[in-house]
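One structure is given here, and the rest of the page talks about it.
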Amino acid sequence: MKQSLYIETTIPSYMSARTSTDIIIAGRQAVTHEFWDYERHKYDLYVSVYVHNECSRGDPELAGRRVFLLKDIEILTTTPDVEPLADVYMGLLSMPSRNKAYALHIAICCVNDIDILLSWNFAHLGTESMQIIQKYNDARGISTPRMITPDAVVCKYMEVELND
């Protein structure tokens with residue numbers, strides 16, 4: 001059985017963006033393409049309406065590219081549990097309301113028992129934040145996805161030993 005993997009907005013954003021001159025961003029773009037071309041078929045892929053909404057914003061040409069990438073990926077059902085759970089996460093992490101999208105991505109993964117949340121955005125949801133969410137979820141019997149970047153998936157495939 002394949003693991004479930006949620007594609008967060010940064011993935012189609014890196015896939016569709018013009019090649020960056022910033023070496024870090026260009027490297028992330030290359031790794032994201034590697035994941036998309038060779039690894040994504042090994043997982044059951046999911047997105048949410050939140051990803052679709054975010055991908056639809058901005059430059060019309062780039063937004064069209066992002067949305068096109070998502071066309072065959074199943075959209076998770078947003079249940080009434082998602083928004084309140086996201087609000088709890090925001091409180092636990094002292095997140096400002098402008099960052100609610102991050103909490104919504106986590107909450108929809110938790111509610112839908114997703115195994116992996118794939119993202120390049122660890123600014124607000126890094127290891128410490130995910131540990132806080134994990135502790136909260138464990139106490140309530142809520143599943144928590146493993147949050148990783150595309151390079152972790154690509155390296156795993158290449159049989160490079162990864163430290164969690």
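In the range 1-21, the residues that are charged (D, E, K, R) form Cβ pairs under 6 Å with partners that are in a loop (DSSP other than H, G, I, E, B), at six or more places apart or across chains, as follows: LYS2/TYR43; GLU8/SER119. Summed over the range 73-120, the residues that are surrounded by 14 or more Cβ atoms within 10 Å (Cβ to Cβ), farther than 21 Å from PRO150 by Cα and of a type in the set (Val, Ile, Thr) give a count of 4. Flag set for LEU70, criterion: in contact with a Pro (Cβ under 7 Å, 6 or more places away or on another chain) and touching a residue at least 12 places away in the same chain (Cβ under 8 Å). Counting only residues that are more than 27 Å from TYR14 (Cα to Cα) and aliphatic (A, V, I, L, M), the range 102-143 holds 3 of them. The single condition among (1) in contact (Cβ under 8 Å) with a residue 24 or more places away in the chain; (2) over 20 Å from LEU5 (Cα atoms) that ILE116 does not meet is (2).
Of all residues in the range 106-134, which are charged (D, E, K, R) and either over 25 Å from LYS42 (Cα atoms) or in contact with a Gly (Cβ under 6 Å, 6 or more places away or on another chain) (or both)?
Applying the first criterion (charged (D, E, K, R)) to the range 106-134 yields 113, 115, 128.
Hit for the range 106-134 is GLU128, nothing else.
Filtered by the rule that a residue be among the small types (Gly, Ala, Ser), under 16 Å from GLU54 (Cα atoms) and not in a helix (DSSP H, G or I), the range 80-123 gives a lone residue, SER119.
Among the listed residues VAL82, VAL88, identify the single one that is farther than 20 Å from LEU5 by Cβ and modelled with pLDDT of 90 or more. Before you say what the answer is, go through the steps one by one.
Numbers: VAL82 fails: farther than 20 Å from LEU5 by Cβ.
It is VAL88.
Mind checking whether some residue in the range 37-57 is in contact with a Cys (Cβ under 6 Å, 6 or more places away or on another chain) and closer than 27 Å to SER129 by Cβ? Scanning the range 37-57, I find no residue that is in contact with a Cys (Cβ under 6 Å, 6 or more places away or on another chain) and closer than 27 Å to SER129 by Cβ, so the answer is no. Confirm whether TYR6 is closer than 16 Å to ALA152 by Cβ, surrounded by fewer than 16 Cβ atoms within 10 Å (Cβ to Cβ) and among the aromatic types (Phe, Trp, Tyr). So TYR6 fails the test.
Can you tell me which residues in the range 43-72 are among the charged types (D, E, K, R), surrounded by 13 or more Cβ atoms within 10 Å (Cβ to Cβ) and under 18 Å from ILE114 (Cβ atoms)?
ASP44, GLU54
Among ILE114, ILE73, which is the only one that is more than 24 Å from ARG140 (Cα to Cα) and either out of contact with any helix residue (DSSP H, G or I) (no Cβ under 7 Å at 6 or more places or on another chain) or modelled with pLDDT of 95 or more (or both)?
None of the other options fit; the residue is ILE73.
The values are calculated or read from the model by the stated rules, or taken from the named source; none is laboratory data. Quantities reported herein were computed from a predicted structural model and do not represent experimental measurements. Neighbour counts run over all protein chains shown; Cβ positions are idealised from the backbone, glycine included.
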